[in-house]
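Reading through the structure tokens given below for one structure.
The values are calculated or read from the model by the stated rules, or taken from the named source; none is laboratory data. From a predicted model like this one, the values you see are computed outputs, not experimental measurements. Note that we place each Cβ from the backbone using ideal geometry, even for glycine, and neighbour counts take in every protein chain shown. Ligands, DNA and RNA are stripped out before the accessible areas are found, and what is left, the full protein with its side chains, is counted by its heavy atoms. Shrake-Rupley method; radii C 1.70, N 1.55, O 1.52, S 1.80 Å.
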Amino acid sequence: MSNFTISPSPHVHGGDSIEKNMYGVLIALVPTFIFSIVFFGLGAILVTLTSVVACLVFEYVIQKYLMKQRPTIWDGSAIITGVLLAFNLPSSLPLWIVVIGALVAIGIGKMSFGGLGNNIFNPALVGRVFLLISFPVQMTTWPIPNGFATADAVTGATPLALVKEAVKNGQAVGDALSSAGFSTGNLILGNMGGSLGEVTAIGLLLGFAYMLIRKIISWHIPVAIFATVIVFSGILNLADPAQFAGPVFHLFTGGLMLGAIFMATDYVTSPMTHKGMLIYGVGIGLLTVIIRVFGAYPEGMSFAILIMNGFTPLINRYCKPRRF
């Protein structure tokens, strides 16, 4: 009689492997990385390289010397954590702060739960939120995109921060964006301040298409997030267009696309069923708009994903497929 082996997520179809899917995600991140270099120059390279190397080193040391396990740093998961952490950081962030973020992401966000397949929260976002709370000034200093001249560049506000400040001062959202030179074209191309991986919608959508074609992820979570943000922000905009930005603005600003495509779809921390994925995506979309519009922070994607990560076990419990 055959024995069935039951293991924690991620679960993959036959013919796939963790390494194959992880490196597939890394390929999908290449267009965004190229755009980040175009916009932010050497800073993008240094922050990303530092983050990836630090994540690999910390995971190796923790597995080999603290957990007494065989290191598995080449399965791709630590590299993805490093890249995604970097993509959530400004290109001007001091490298020692990047190393601290990598330590928190790997040491607390991943390995403290037992490593790949056991972590409750997305490790890259754990590192990012820790840095945001611990180093708020450095984490909200955004160089204006200027290629390899960005090293000595001036800084500017992100569109989300600009809108937040405009509403606070009683200024109309549209007037604030127009005076700052933010057009829909700029938002789509990524010609604005922000984290490395959040500024270019084109690069992120190319990665999304690649992962859908390769069946690395399904459409359910990203589409549920996008649809919820469009509907909710659209209702608010119709109610008061002077105070609430429209759906296009929310879709193409901040970390919405980066989070929806690459972090909310994390195998380990997202629901397993399609129904659960839709519920999870709707929750992230609602929380993101609520935090952006009514919260203290201009951006809410990271917090929304982490909050819904905490609900994933409940969603899995109540969205179980029928037993055979």
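Listed values, structure above:
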item: Only one of GLY109, GLY147, GLY114 that is out of contact with any helix residue (DSSP H, G or I) (no Cβ under 8 Å at 6 or more places or on another chain), open to solvent by less than 50 Å² (accessible area, probe 1.4 Å) and either closer than 30 Å to TYR267 by Cβ or at pLDDT below 90 (or both); result: GLY114
item: Residue count, the range 206-219 (criterion: open to solvent by less than 70 Å² (accessible area, probe 1.4 Å) and not hydroxyl-bearing (Ser, Thr, Tyr)); result: 7
item: Helices (runs of 4 or more DSSP H) contained entirely in the range 243-324, each with at least 2 residues that are farther than 22 Å from ALA166 by Cβ; result: 274-294, 301-318
item: Every residue from the range 246-258 that is aliphatic (A, V, I, L, M) and open to solvent by 10 Å² or more (accessible area, probe 1.4 Å); result: VAL248, LEU251, MET257
item: Looking only at the range 274-309, and only at residues there that are open to solvent by 30 Å² or more (accessible area, probe 1.4 Å) and among the aromatic types (Phe, Trp, Tyr), the one that is modelled with the highest pLDDT; result: PHE303
item: Cβ-Cβ under 9 Å pairs, at least 6 apart or on other chains, the range 202-226 side closer than 19 Å to ILE34 by Cβ and touching a residue at least 24 places away in the same chain (Cβ under 8 Å), far side part of a loop (DSSP other than H, G, I, E, B) and of a type in the set (S, T, N, Q); result: MET211/THR265
item: Enumeration of residues in the range 30-69 that are buried (at least 24 other Cβ atoms within 10 Å of the Cβ) and out of contact with any Leu (no Cβ under 8 Å at 6 or more places or on another chain); result: PHE39, GLU59
item: Residue satisfying condition, being surrounded by fewer than 19 Cβ atoms within 10 Å (Cβ to Cβ) and of a type outside the set (A, V, I, L, M, F, W, C), within set PRO271, PRO241, PRO222; result: PRO241
item: Pick from the range 92-112, criterion without any contact (Cβ under 8 Å) to a residue 40 or more places away in the chain and aliphatic (A, V, I, L, M), ranking: nearest to GLY194 (Cα to Cα); result: ILE100
item: Flag for ALA176 being within 29 Å of LEU93 (Cα to Cα) and touching a Leu at 6+ places or on another chain (Cβ under 6 Å); result: yes
item: Those helices (runs of 4 or more DSSP H) lying entirely in the range 39-121 with at least 1 residues polar (S, T, N, Q); result: 42-61, 77-87
item: The one condition in (1) polar (S, T, N, Q); (2) under 28 Å from LEU187 (Cα atoms); (3) buried (at least 24 other Cβ atoms within 10 Å of the Cβ) that SER77 fails to fulfil; result: (2)
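Listed here are the residues, each with its yes/no results for (1) modelled with pLDDT under 95; (2) out of contact with any Leu (no Cβ under 9 Å at 6 or more places or on another chain).
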position	(1), (2)
ILE202	yes, no
LEU212	no, yes
LYS215	yes, yes
TRP219	no, no
PHE249	yes, no
THR265	no, yes
